[in-house]
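Heads up, the thing below is written out as structure tokens.
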Amino acid sequence: MIDLDRAKTHLNAWLDAELAVSTGQSYSIGTRSLTRANLKEIRETITYWENRVSKLQGNRRKARRYIPRDL
């Protein structure tokens, strides 16, 4: 099971990945080239880990239903 510290570590790693990709998606040197991960996938994974951290911290909003009554 993943605990809060591990989830935060994953979130920080994906935030770092987003920063790295934002500085350049791909580049070439001579005949060699490097293409980084898909930015859309990175952002989806960041959202996943943000939700996971939030859930582990207990900051999740719960929907409540109220029924008005005329007393």
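The values are calculated or read from the model by the stated rules, or taken from the named source; none is laboratory data. What you see is a predicted model, and the numbers here were worked out from it, not measured in a lab. Note that we place each Cβ from the backbone using ideal geometry, even for glycine, and neighbour counts take in every protein chain shown. Accessible surface areas use protein heavy atoms only, side chains included; no ligands, DNA or RNA. Shrake-Rupley method; radii C 1.70, N 1.55, O 1.52, S 1.80 Å.
Laid out as a table, the results:
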{"item": "Environment charge of T23, counting only residues whose C-beta is closer than 15 Å and scoring Lys/Arg +1, Asp/Glu -1", "result": "-1"}
{"item": "Phi to ³J(HN,Hα) by Karplus 6.51 cos²θ - 1.76 cosθ + 1.60 over segment 42-53, Hz, x for Gly, Pro", "result": "4, 5, 5, 5, 4, 4, 4, 6, 4, 5, 5, 4"}
{"item": "Probe 1.4 Å, accessible area per residue of the chain, Å²", "result": "93 Å²"}
{"item": "Under the Karplus curve 6.51 cos²θ - 1.76 cosθ + 1.60, θ = phi - 60°, whole-Hz ³J(HN,Hα) for segment 10-20, x wherever Gly or Pro sits", "result": "4, 4, 4, 5, 6, 5, 5, 4, 4, 5, 5"}
{"item": "Carbon plus sulfur fraction of accessible area for the chain, probe 1.4 Å, in percent", "result": "49 percent"}
{"item": "Calculated log₁₀ intensity ratio I(q)/I(0) where the Debye formula runs over C-alpha points of the chain, q = 0.13 Å⁻¹", "result": "-0.55"}
{"item": "Charge context of I46, other residues only, Cβ under 14 angstrom, K/R +1, D/E -1", "result": "-1"}
{"item": "Accessible-area value, S33, 1.4 Å probe, nucleic acids and ligands omitted, Å²", "result": "90 Å²"}
